[in-house]
Number of protein chains: 2
Amino acid sequence: MGKKFVSLTNLNFLLYDVHGLKEILNHHYYRHQDKQAVDLMIESAIKISEKYLLPFMSEMDKKPPELVNGEVVTHPKIAKLIKAMGDGGWFCASASLENGGMQIPLMVDTAANFVFQAANNGTYGFTGLNAGAANLILEFASTELKEEYVPKLHSGKWQGTMALTEPQAGSSLGDITSTAYSTGQDGIYKIKGQKVFISAGDYEHPENIVHMMLARIEGEPEGSKGISLFVVPKYRSEKKKLVSNDVKTAGIFHKMGQKATPTVHLAFGEKNNCFGYLVGDKNQGLNYMFKLMNEARISVGIGAAGMMSMAYYAALEYANERPQGRKIGDKEGEQINIIEHADIKRMLLKQKSILEGSLSLILQCANFADLVKTKEGDLRDHYQLLLDLLTPVVKTCPSERGIEAVSDALQCLGGYGYCEDFELEQLYRDIRITPIYEGTTGIQSLDLLGRKVLMENGKAMQLLAKEFEFAVRDARYYEELNDILPLFEDGAAELKKVTHHLLAFAMKNKLDRFLADATIYMELFGLVCLGWQWLKQGTVITEACRKNVENLENPFHLGKIQTMKYFFTYEFPRVKSLTETLMNDADLTLGTDKSWLE
Amino acid sequence: MGKKFVSLTNLNFLLYDVHGLKEILNHHYYRHQDKQAVDLMIESAIKISEKYLLPFMSEMDKKPPELVNGEVVTHPKIAKLIKAMGDGGWFCASASLENGGMQIPLMVDTAANFVFQAANNGTYGFTGLNAGAANLILEFASTELKEEYVPKLHSGKWQGTMALTEPQAGSSLGDITSTAYSTGQDGIYKIKGQKVFISAGDYEHPENIVHMMLARIEGEPEGSKGISLFVVPKYRSEKKKLVSNDVKTAGIFHKMGQKATPTVHLAFGEKNNCFGYLVGDKNQGLNYMFKLMNEARISVGIGAAGMMSMAYYAALEYANERPQGRKIGDKEGEQINIIEHADIKRMLLKQKSILEGSLSLILQCANFADLVKTKEGDLRDHYQLLLDLLTPVVKTCPSERGIEAVSDALQCLGGYGYCEDFELEQLYRDIRITPIYEGTTGIQSLDLLGRKVLMENGKAMQLLAKEFEFAVRDARYYEELNDILPLFEDGAAELKKVTHHLLAFAMKNKLDRFLADATIYMELFGLVCLGWQWLKQGTVITEACRKNVENLENPFHLGKIQTMKYFFTYEFPRVKSLTETLMNDADLTLGTDKSWLE
């Protein structure tokens, strides 16, 4: 590896030692894979990243796509990147063998996704959506649609998109006005409408662009229950030829970051010549789309972890090479590199604690997803509930905390961090999208508290509490963790207390009060989940040091232990202040009249 | 006023009702001023802002200065802006009448500075440094230098700069290598050296550029005690003509934000033909420069508050106009504007609490500076100590918390906040410089804990504790504040406890441990200071409501009370977690070996 942007040692530690990838690989569903194959795949993800992603990160930021004579023109390397990813099988990695996929564990797919997004997050709009669109068609669409679209999406010859948001509706998908008119032919509709913020929604390279689009069939109910899902291609097939399907790029968004991917405004059916193909049953669009949205949400968390990773190693490299200042109290001594200063170490430990805590949480969810695939019955449902509960958290916590981590990485470089000479300023701009797209933090928080916590009478929360207990039980064997363990137990208890406090409002049917502080609740929830993951990592590493005392001199092991201690000393205490805020009994936000804010 | 970017009501409330500008104006030093004159000045600052600053904020960001054939070319409106500011007397506002200034209270100068920086912070590099350079010359330089430079700086015909940082030294000014060689003539030296990150360090409009430059006279001691201050102009006067002084622009920095002002790399004396004029005594350079640095540090805090203000009103406007979603539990109802959602209200209250708390803290410091000017003897020293103590805080707290506030403003706009159509993404980039320039947060925190807290055996801290007591005493009259008062008192007690805990390390001469968590200490200190300012505002507003019950229906008054409550419920509890972290007895950061971070 050239420039370091991810730690393979840490990735393997999390995959195998903490989250049990080996047990997953032993399952018959993944029998065609083994550790060696997995290692090769991750190696190949790093190679693709080093060849097609990393070297162009800055260039793609400086020369963003433009709309030239109605056509979106992207960076010349994009086509090569997509071909390489398609040839490597990365658009069908998690799809089943029978559907032409590679059927690799989601943990491995997630690890590779992390590598790709660390290397050049701005291109994720191209590469992340193909697999998602294909999976959606595979799961819900007719055989004809599958046969027509999936192989092209898997190969990367065609580009997939998610076409949800409309200018007037924003996060409120029930208010979309895109409409599908019956043509009389079964499953074929004429489409009219506008969609905004469509990533990779149009550009010059692919033979076709396939929009997974939400629209309301004329005459169907208002609100979210009348929304259907359509495949709406840029070019439709007529007599075995591709002809224009009346999808026009009405504009391109100029964004603060994430510039490699074009984000466009699309107009469908302006000439009344746009056809859409119904996926599954009518009025089930939102339910279907949730599958893709859930994958996309987890990918946002992965991306945030990726950007943190790139930022961390850039800051570390700088801190190791930049001489400035002296040791405290040693005015006449030699200059030292800034990594020797306590405040720089603190900022690096903070970044490492958020990055490695987030990545562990992400792989924990991928593990649950693999368990859903490989278990049956109640156990399967149990992991599905855990995955559903954690999906908004794994989207939000790495995003929100990742902004802090990348900001601290930038800060390590001082004035140089603010200039284009280093990648930090770009990462700072790039990562700011993560709490916005695929549902803002506010929306994720409403989903967590208002939907997920309530699921099946709180069963998911009970299962998570069990997971916390398992982690505590495992940690209790090690006196080395005696100082840390009660901190986590207190945090978990605080989360439980707060949850009960808020649920009391729901019981009294004060739904608005129940949800008013959902975002603060999300912050607490995420923090406790990071604590959970650090406790798990700490337990595994302590066991490794007991098994082999030489590990007590291994920088990787010592770094893990120190970062865990840092996390519980510097980050985890926030649990207390968040709890105090959440236990307040005032109606402060709800009770604020808008005129008071003028 | 057209588009709202500051609240004049709030500014007047803070100036007169909270911080006693009237008493300052009553002092004979300011006898030539009165409230009416002050109102007119602030009005004129708003008019200049609306004409020359606000309309070009985005344009100046999109077309940053460029180096063309060795000359820095800026936006065409810059020359007009500087002329208007010079004609308005803004470069000599705080200078004394005898020195050709307007001798206005620093509180008023600060309020105007806030308005200018709110309207277009990116231009502050041009307009903020002239007054500072002139003040430095006035205070320390010879009559000849004063006569030659000050009138030109005051009029805006010449541009002033601060030339401190060097590529190899960064924050460690003792390590600068720029050198001054004796010419045999008294006070005149030949200069050689490189300076980086020089704001407004070169551009096409001014007749001359005047660098306040730090350099070491050849043969003088190493480290900070051998540094002298020089005036080094771009063009020097020879036989009443301006001739080139061998100052070359070696490069221009490409920054993430703050793009209106060129930030350049300067090479002095490459042709051995650069002359510098010693200011005051030799080897006193850092002491003198601290005057300008202190002004600049406070101005950074003001700028952060300014950007928060612009961002807040932009988010508020959007939230009031953007329909999206429905009330909780009202799926069939009418769409509402997003300002009706609890989470949007929470984000607006957060911004308002940080903005108005910061601005109050800034004006508190300006008030102390005015008291230094108008009091004598012990009382004067007392206010000077308070000002010295709070200078790093007033630089850092609005900067660090301002980033959060602007980020939340951006978040209110969702995907649109991330796009160039609105000013939020620019403000998000612009404000990120504030914890970096004029000394990073790490440096400010070392100054606070390692220098200011220790001054005169902790006298400044005792004086601040007295100020807290005064605020508590005043608040105690009002039962309306019964819930808030103990929260603040606890916070102030925690700060005291933590200070003693850390001082114990200093006593034991463990200086590195004493300072290891200085940045966390700064965060706690800033938070308690914001609490102090909110308590003061709450007291004044409660008194106003008692005096006139109609105020209990005044949105301004209700908004203040609600924002104070928000602050103490949602922000102030962080005191607890910061205290817990600071009371830890591990050597976590110091004890981390750099190899553990790989």
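In table form, for the structure just shown:
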{"read-out": "Charge tally in the Cβ shell below 15 Å around residue B:356, where Lys, Arg are +1 and Asp, Glu are -1, residue B:356 excluded", "value": "+2"}
{"read-out": "With Cα atoms, 0 to 90° folded angle of helix B:377-412 axis to chain B main axis", "value": "70 degrees"}
{"read-out": "Region A:520-531 - phi-based ³J(HN,Hα) in whole Hz, Karplus 6.51/-1.76/1.60, Gly and Pro as x", "value": "5, 4, 4, 5, 5, 4, x, 5, 5, 5, 5, x"}
{"read-out": "Helix-only CD estimate at 222 nm, as mean residue ellipticity for chain B, using -39500 (n - 2.57) per DSSP H run (n ≥ 4)", "value": "-17000 deg cm²/dmol"}
{"read-out": "Charge sum, other residues only, whose C-beta stays under 10 Å from residue B:311's C-beta, Lys/Arg counted +1 and Asp/Glu -1", "value": "-3"}
{"read-out": "Calculated FRET efficiency for the pair residue B:554/residue B:143, C-beta based, R₀ 56 Å, to 0.05", "value": "0.55"}
{"read-out": "Total formal charge among the other residues, if their Cβ is under 11 angstrom from that of residue B:513, Lys/Arg +1 and Asp/Glu -1", "value": "-2"}
{"read-out": "HN-Hα J in Hz across region B:323-340 - Karplus 6.51, -1.76, 1.60, θ = phi - 60°, x for Gly and Pro", "value": "x, 6, x, 9, 5, 4, x, 10, 4, 9, x, 6, 5, 10, 6, 5, 5, 7"}
{"read-out": "Histogram of C-alpha separations across region A:454-498, 5 Å bin width, %", "value": "5, 21, 25, 23, 14, 7, 3, 1"}
{"read-out": "Exposure proxy order (Cβ contacts within 10 Å, fewest to most) of B:388, A:483", "value": "A:483, B:388"}
{"read-out": "Estimated distance in nm for a label pair at residue B:9 and residue A:188, the labels positioned 7 Å out from Cα along Cα-to-Cβ", "value": "6.2 nm"}
{"read-out": "Cα centroid separation - region A:478-543 against region B:53-111, whole Å", "value": "51 Å"}
{"read-out": "Pair residue A:331, residue B:501: separation of 7 Å Cα→Cβ label points (nm)", "value": "3.1 nm"}
{"read-out": "Residue B:337 long-range amide H proximity, modeled H, under 5 Å", "value": "B:324"}
{"read-out": "Using θ = phi - 60° and Karplus 6.51 cos²θ - 1.76 cosθ + 1.60, couplings along region B:92-105 (whole Hz; Gly, Pro as x)", "value": "10, 4, 8, 5, 6, 4, 5, 8, x, x, 9, 6, 8, x"}
{"read-out": "Label-zone membership for region B:191-218, site residue B:238, 7 angstrom Cα→C-beta point, backbone N under 18 Å", "value": "B:191-192, B:208-209"}
{"read-out": "Förster radius 25 Å - calculated FRET efficiency between residue B:546 and residue B:43 (Cβ-Cβ, nearest 0.05)", "value": "0.20"}
{"read-out": "In degrees, nearest ten, helix B:124-140 long axis to first principal axis of chain B (Cα)", "value": "60 degrees"}
{"read-out": "Pairwise label distance in nanometres, residue A:225 with residue B:69, each label 7 Å out on the Cα-Cβ vector", "value": "7.3 nm"}
{"read-out": "With Cα atoms, 0 to 90° folded angle of helix B:35-48 axis to chain B main axis", "value": "70 degrees"}
{"read-out": "Teacher prompt: residue B:549 distances to equivalent labels in other copies, 7 Å Cα→Cβ, nm", "value": "8.0"}
{"read-out": "Computed E for residue B:470/residue B:510 - FRET, C-beta separation, R0 45 angstrom, nearest 0.05", "value": "0.85"}
{"read-out": "5 angstrom amide H check on residue B:250, placed H, neighbours 5+ away", "value": "B:265, B:266, B:267"}
{"read-out": "Cross-link pairs beyond the 32 Å C-alpha cut-off, checked among A:195/A:496; A:395/B:395; A:282/A:508; A:4/A:259; B:51/B:239; A:157/A:375", "value": "A:195/A:496; A:395/B:395; A:282/A:508; B:51/B:239; A:157/A:375"}
{"read-out": "Residue (of B:463, B:453, B:491) at the positive-pole extreme of region B:436-523, dipole from beta-carbon charges", "value": "B:453"}
{"read-out": "Sites matching trypsin sites (Lys or Arg not before Pro) across region B:149-254 that sit in DSSP coil, with at most 12 neighbouring C-beta atoms within 10 Å", "value": "B:239, B:240"}
{"read-out": "5 angstrom amide H check on residue A:199, placed H, neighbours 5+ away", "value": "A:162, A:264"}
{"read-out": "Percent of Cα-Cα distances greater than 36 Å, calculated over chain A", "value": "37 percent"}
{"read-out": "Distances in nm from residue B:39 to the matching label points in the other copies, shortest first (labels 7 Å along Cα to Cβ)", "value": "8.0"}
{"read-out": "Normalised per residue, the volume of the convex hull around the Cα set of the protein assembly as shown (Å³)", "value": "172 Å³"}
{"read-out": "Dipole magnitude of the protein assembly as shown, debye to nearest 20 (Cβ charges: Lys/Arg +1, Asp/Glu -1, about Cα centre)", "value": "1300 debye"}
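Any read-out appearing in this document is the output of simple, stated calculations on the displayed coordinates, not a laboratory observation. These numbers were taken from a predicted model, which means no experiment stands behind them. Reconstructed Cβ throughout: ideal geometry from the backbone, glycine too, with neighbour counts over all protein chains shown.
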